[in-house]
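K.L.:
Questions regarding the structure given below will be posed in turn.
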């Protein structure tokens, strides 16, 4: 069997394996959520001020919440197979519409965060590896650890105080200027402007991971035979580092970044909360406390599909980049 | 053991981390002696700054002693981190060991289950678990465990896959040892180092997750923890910075120390990663 | 892009934003961005009295009347109202020439439909407010005659845009009102028209050019922004990104700071007299440790109300002195009662429990209890932790429970699975509307939220509540409520803690938005940016 048809078979196998995983996630979350006391109607009635039990029963009936759980699950699964995620009872809107609305702000924040964290992580890791076991190496690892260990919301609030209030450089929160409502390219600039603080905050958290990984990856490569060969050939350390080692060391780091993008689809509840960024994390958080089951299940479903897909894509890319890796 | 300590102590920052961690543990264990009162005890001196009215690190809005909270909270935070990690390692080792050792269908099933938990956005999932079980120390520990164990399972599976065909395992088979005994008594001790490393880092992550949950209002209102202090004080950051800054620093230092120790362990246990050859 | 380039772009952007907002006094538009917290589920103010809907709804929908800061009725969609001698016929003369945002005329048929088909049927409080309304006649397009079974003076206090918004018959008739499209695409007669709802970000309303009031509204656009984190909300207020924050959207501690530090930010407690919020503890009087009224009185005696106000709410609030808010004093319905010490008396409380035979064990514990806390944020958690300590001092060992909203609602109002519950209630503009639901036997309704969860039942009290509802004479009414307060101070199924004072934090640039006693729940037609 040749390589490309091997890869095709591998993709097919992975896709088939992904289906039960996603199904299991839906079923598990469905029952977990139903373990919780109260439902969407309780929350709506509680917020409304008051409602009679009869009225609430009527609403439950309308939402289909009066049926036995297995029936509700079957209905849900049937709809999901037809790519229909149902309606959000709370927002009285199709779940798909609500999720798509939040998906692109989430992707925006997450990709910019990963890019920033990976970029700086690679630089710092490289620098640390070159200066192995010197004070520079130690400083970098302590710096990375501090950024990782400082609670995110504290960093976020400090960013707002320093760069938005003390210095009027960035807006405090939100995704757009809601007094001006820019259009066209101005809007792009406006959104980019709002993106800066949340991106920096969130990327600080991931910086440590990539720095550490890059450093370890560099060291691993230095130990490989080809480096010894290169040295024997009389190549300069500089050339060895930047031409040979660096290239190979990047591979696992970039892979990790890909996997992270998948995992980050769920959003970051804390950063979204602090910066009022309209991402999926806050939506999931709010829908949990509103018992907006369809919406929450939809978010879980979508993010797990994306994680499975991204992992697959990363693996395939990996196969192409490094022909030594066996597909099996 | 001696050679291990020699390798470990060559890493100065790891030794420093161990020292700091020791201090935190010491503080947690004597919290009841230096601050015998309930850390939730209010006083008539709200929002006193550090050093004012006899509060070393200040008091919060209903006059509770921040320093007392940090001392008592150390115990909670460390316990949460430790118990959640032990539980996660326990589950992860079982899953990983069986999957790696038996392979085939067992591996497939166990790994699919692991993937299910890895695929769910973990922090949101932790929030969900705590909300459903009602916010308490137990539910926070369970939630952290549930989102942490898959990483251990994957790691252990990999180690078992690599080790199960080694000669010493084959020898055990010939001696007629049972599978479980081979797994737990023979293979497992050989992959302890990476487990210890990942476990040490997990304690730190658990402490961070606890503070994140508390930030979102999902802490146990009956138990003093650093996360609680931060969530209680954060809305007053501009007026009384000390309420949430000191516990924040406590978290920072502890997580930092644990990470340094973890790195030190890594270096000491996997020496080949450290040196250029 | 280099950072310096980027920064200059940023500066430019900011300049445009501020330049655009500059406006001439009382005439030229501008945008009012204010805080809406939390994001509302829908904008159906006619089925939900949810707070965030109240912030936006009255800008879109008008009521028949508004109420000024002295409580006087201000004509809105009704130009005047006549009450017959016997109080059973109430005639509203409606404003002419009013149109809905879709251009259709507003008529008496809309009023009839709104009251009879919407508010009386699906509104949380409407069935109470309009309980006595048997039918509404519409002799012509601009007259609505309400036929009442009994006099209902309190009804005239419930006609604001927040409490009873007038909704378009032509968009609701023949539909299931609870799920009508109108909920997310509101069409009213109010000064602002709904334009856009960006979920997770903002709701945008634009000026209604054909508003019935000449020259109003002044402002071109109102944007309600959602910011989940309290500290960030305060920061946005400080920076001037938002100009108005009501219902403690900016926490008290930050409000006090901003008021002190910033010249352009002020704070007011006006605009909440119709809401009249009261912090309280509900007790389970049927099961558990608090079936004996003595214990409940002891708890009321022990708690230092002033301390809670000073430390948790930063001085805003008044200690409760009775089951009724002191805001009812104006109508003679309030009197100070025993067992309501402002600063708490631990010794007296201990004495009460000793006398009643509750012995302390070797750990100083008389009884154990579970204390549920309203899951509305850190203030309440802090309050619960304070009370936990105080109750410890009188030998009641309390464990706190802080669950999420649906779990808590179910526990307290459906399963009755609680001992004591920290909560707050709106006493509203009349005890009939806000207080009766707490104590009447007919208000023990399993599964209905915010009613008599104590399951307290007293036939004598029920009779008095019934009489208080119908009594038109102020003096007699005062006597009835005096009796009611005495009974409740003795039995204490609910211990009132303090009258909350909500805060509105505003940028002084925003003017003319403070004339209604509905406060943030008013239309902002007269608001303008300086």
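K.L.:
Would you confirm whether any residue within the stretch B:144-157 is within 14 Å of chain C (Cβ to nearest Cβ), under 30 Å from residue C:422 (Cβ atoms), out of contact with any strand residue (DSSP E or B) (no Cβ under 6 Å at 6 or more places or on another chain) and assigned to a helix (DSSP H, G or I)?
P.N.:
Looking through the stretch B:144-157, none of the residues is within 14 Å of chain C (Cβ to nearest Cβ), under 30 Å from residue C:422 (Cβ atoms), out of contact with any strand residue (DSSP E or B) (no Cβ under 6 Å at 6 or more places or on another chain) and assigned to a helix (DSSP H, G or I).
K.L.:
To continue, here is another question. Go through (1) within 28 Å of residue C:247 (Cβ to Cβ); (2) within 14 Å of chain A (Cβ to nearest Cβ) one by one and return the number of the condition residue C:390 breaks.
P.N.:
Failed condition: (2).
K.L.:
Sticking with this structure for a sec: Residues to consider are C:424, C:416, C:439, C:456; find the one that is surrounded by fewer than 21 Cβ atoms within 10 Å (Cβ to Cβ), closer than 18 Å to residue C:281 by Cα and touching a strand residue (DSSP E or B) at 6+ places or on another chain (Cβ under 9 Å).
P.N.:
The match here is C:424.
K.L.:
Let me ask something additional. Pairs needed: first member in the stretch A:96-111, within 12 Å of chain C (Cβ to nearest Cβ) and touching a residue at least 12 places away in the same chain (Cβ under 8 Å); second member anywhere, surrounded by fewer than 17 Cβ atoms within 10 Å (Cβ to Cβ) and part of a helix (DSSP H, G or I); C-beta distance under 9 Å; at least 6 residues apart or different chains.
P.N.:
Correct list of pairs: A:105/A:191.
K.L.:
Here is a follow-up. Pick out the one residue from C:193, C:198, C:213 that is over 23 Å from the mean Cα position of the chain (by Cα), within 10 Å of another protein chain (Cβ to nearest Cβ) and over 22 Å from residue B:61 (Cβ atoms).
P.N.:
From the options C:193, C:198, C:213, the qualifying one is C:198.
K.L.:
If residue A:26 satisfies every condition in (1) more than 7 Å from every other protein chain (Cβ to nearest Cβ); (2) free of Cβ contacts under 8 Å to residues at least 60 places away in the same chain but one, which is the exception?
P.N.:
(2)
K.L.:
Mind checking which pairs have a first residue in the stretch A:144-156 that is more than 9 Å from chain B (Cβ to nearest Cβ) and without any contact (Cβ under 8 Å) to a residue 60 or more places away in the chain and a second that is part of a helix (DSSP H, G or I) and buried (at least 24 other Cβ atoms within 10 Å of the Cβ), Cβ under 8 Å, 6 or more apart or different chains?
P.N.:
These pairs meet every condition: A:155/A:201.
K.L.:
When only residues in the stretch C:424-444 that are touching a helix residue (DSSP H, G or I) at 6+ places or on another chain (Cβ under 7 Å) and assigned to a loop (DSSP other than H, G, I, E, B) count, which is nearest to the other protein chains (Cβ to nearest Cβ)?
P.N.:
Across the stretch C:424-444, the extreme among qualifying residues is C:428.
K.L.:
Please report, ordered by residue number, the helices (runs of 4 or more DSSP H) entirely within the stretch A:207-285 with at least 1 residues that are more than 31 Å from the chain's Cα centre (by Cα) and over 30 Å from residue B:235 (Cα atoms).
P.N.:
Output list reads A:225-232.
Condition check ((1) more than 12 Å from chain A (Cβ to nearest Cβ); (2) not in a helix (DSSP H, G or I)) across all residues:
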| position | (1), (2) |
| --- | --- |
| C:114 | yes, no |
| C:120 | yes, no |
| C:124 | no, yes |
| C:135 | yes, yes |
| C:167 | yes, yes |
| C:186 | yes, yes |
| C:189 | yes, yes |
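K.L.:
Can you name the residue in the stretch B:20-58 that is away from every other protein chain (no Cβ under 14 Å) and touching a residue at least 60 places away in the same chain (Cβ under 8 Å) and is also nearest to residue B:74 (Cα to Cα) among such residues?
P.N.:
The residue in question is B:57.
K.L.:
Please indicate, with yes or no, whether at least one residue in the stretch B:265-275 is more than 9 Å from every other protein chain (Cβ to nearest Cβ) and at pLDDT 90 or above.
P.N.:
Looking through the stretch B:265-275, none of the residues is more than 9 Å from every other protein chain (Cβ to nearest Cβ) and at pLDDT 90 or above.
K.L.:
Next question. Name the residue that is farthest from the other protein chains (Cβ to nearest Cβ), counting only residues in the stretch B:225-244 that are farther than 22 Å from residue B:87 by Cβ and in a loop (DSSP other than H, G, I, E, B).
P.N.:
The selected residue is B:241.
K.L.:
Here's a follow-up. Being in a loop (DSSP other than H, G, I, E, B) and either closer than 23 Å to residue C:126 by Cβ or more than 14 Å from chain A (Cβ to nearest Cβ) (or both) is the filter here, so list the residues in the stretch C:395-423 that pass it.
P.N.:
C:395, C:414, C:419
K.L.:
Give the stretch C:38-72 a look and list any residue that's in contact with a helix residue (DSSP H, G or I) (Cβ under 7 Å, 6 or more places away or on another chain), more than 10 Å from every other protein chain (Cβ to nearest Cβ) and at pLDDT below 90, or say none.
P.N.:
Correct list: empty.
K.L.:
Select, from C:431, C:406, the only residue that is surrounded by 21 or more Cβ atoms within 10 Å (Cβ to Cβ) and free of Cβ contacts under 8 Å to residues at least 12 places away in the same chain.
P.N.:
C:406
K.L.:
Return yes or no: is residue B:182 under 30 Å from residue B:159 (Cα atoms) and within 15 Å of the chain's Cα centre (by Cα)?
P.N.:
No: the conditions fail for residue B:182.
K.L.:
Scan (1) within 13 Å of another protein chain (Cβ to nearest Cβ); (2) on the phi < 0 side of the Ramachandran plot; (3) out of contact with any strand residue (DSSP E or B) (no Cβ under 8 Å at 6 or more places or on another chain); (4) touching a residue at least 40 places away in the same chain (Cβ under 8 Å) for the single condition residue C:231 breaks and write down its number.
P.N.:
(4)
K.L.:
With the structure loaded, tell me whether residue A:58 is more than 7 Å from every other protein chain (Cβ to nearest Cβ) and assigned to a helix (DSSP H, G or I) or whether it fails that test.
P.N.:
yes
K.L.:
Provide a single number: the residues in the stretch C:141-165 that are modelled with pLDDT of 90 or more and assigned to a helix (DSSP H, G or I).
P.N.:
2
K.L.:
Part of a loop (DSSP other than H, G, I, E, B), under 17 Å from the mean Cα position of the chain (by Cα) and within 14 Å of chain A (Cβ to nearest Cβ): does that describe residue C:449?
P.N.:
yes
K.L.:
Whether any residue in the stretch A:163-184 is more than 10 Å from every other protein chain (Cβ to nearest Cβ), under 26 Å from the mean Cα position of the chain (by Cα) and in contact (Cβ under 8 Å) with a residue 12 or more places away in the chain is what I want to check.
P.N.:
yes
K.L.:
Can you spot a residue in the stretch B:179-188 that is over 15 Å from residue B:97 (Cα atoms) and surrounded by fewer than 23 Cβ atoms within 10 Å (Cβ to Cβ)?
P.N.:
The answer is no; no qualifying residue exists.
K.L.:
Moving to a separate point now. Determine whether residue A:255 is touching a residue at least 60 places away in the same chain (Cβ under 8 Å), within 26 Å of residue B:212 (Cα to Cα) and either away from chain B (no Cβ under 14 Å) or surrounded by 21 or more Cβ atoms within 10 Å (Cβ to Cβ) (or both).
P.N.:
no
The values are calculated or read from the model by the stated rules, or taken from the named source; none is laboratory data. Note that the structure is a prediction, hence the values are computed from the model and not measured. Note that we place each Cβ from the backbone using ideal geometry, even for glycine, and neighbour counts take in every protein chain shown.
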